[in-house]
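Working notes, structure below.
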Amino acid sequence: MPPRYAEWLKYVFERPVTPNGWYFDIETLELFEADASELVELVAAAFENCARDLASYSNEQLRYGLSYIVDNGASDIVFAIMSEDVAVELRLRAIAGLKHVYSHIFETRCAPVLGHTSEPGSNALNYMCYMLWDISPLSYWERSPKRTIFYGAVCDVLERALTSPNRACVESGLHGLGHIYSSYPERVEEVIDQYLHAASPPEDLRRYAMNARRGHVQ
């Protein structure tokens with residue numbers, strides 16, 4: 001594990017639940033000082049080991065902790081993952097780590113309800129699952145010289161999400177695919193077509209998938 005891994009987990013996840021998120025509501029918030037490469041390594045480790053190391057945190061703590069990592073409205077952490085100063089392999093590792101977040105956090109903790117139809121019964125993590133690709137710049141790699149590699153990595157995460165038995169995860173995967181459609185259309189169409197053929201989804205998810213296949217998502 002990275003040397004400061006325990007310190008990082010405590011900083012990001014071991015926080016009180018506040019109305020707007022601890023990163024907005026703590027007046028004298030002390031920043032976690034680290035260079036971009038260290039931050040990406042810490043993010044990757046947390047994602048890869050989330051089944052074990054994030055299990056003790058509440059849904060609310062996980063929502064805001066994950067938001068702090070991937071939402072550029074909450075912090076600049078996500079820009080380390082997008083920084084050309086960080087090794088491509090390390091950045092790809094952090095992105096691939098989101099597969100574990102889907103499998104071990106969203107799939108097991110999110111209520112199996114859909115966000116785009118405002119189905120009742122959601123919990124604190126459902127918002128994060130549904131809106132991840134709206135609130136995070138990880139769906140936009142147009143300025144990267146390695147754009148095809150990174151869009152491919154994101155697409156791999158989203159393709160995995162489509163195999164989840166939890167429909168909230170499937171919706172999130174389709175949502176993300178819809179957002180990257182304009183930049184990576186052929187692969188998005190291929191992934192969604194495979195999903196439609198293999199899963200025979202219910203009508204609400206089938207309609208959403210067809211919209212995502214054209215880049216029309218909300």
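Throughout, read-outs are computed from the coordinates displayed, never taken from laboratory work. The model shown is predicted, which means the values in this text are computed figures rather than measured ones. Note that each Cβ is placed from the backbone with ideal geometry, even for glycine, and that neighbours are counted across all protein chains shown.
Of the helices (runs of 4 or more DSSP H) lying entirely inside the stretch 1-91, those containing at least 3 residues that are hydrophobic (A, V, I, L, M, F, W, C) are 5-13, 36-48, 59-70, 77-81. Listed by position, the helices (runs of 4 or more DSSP H) contained in the stretch 138-213 that have at least 1 residues being within 16 Å of residue 114 (Cα to Cα) and of a type in the set (Phe, Trp, Tyr) are 203-212. Within the stretch 125-177, the set of residues being in contact (Cβ under 8 Å) with a residue 60 or more places away in the chain, more than 14 Å from residue 187 (Cα to Cα) and of a type in the set (Val, Ile, Thr) comprises 135 only. Residues that are crowded, with 22+ Cβ neighbours inside 10 Å and either in contact with a Gly (Cβ under 7 Å, 6 or more places away or on another chain) or of a type outside the set (D, E, K, R) (or both) within the stretch 79-94 comprise 80, 81, 94, listed in sequence order.
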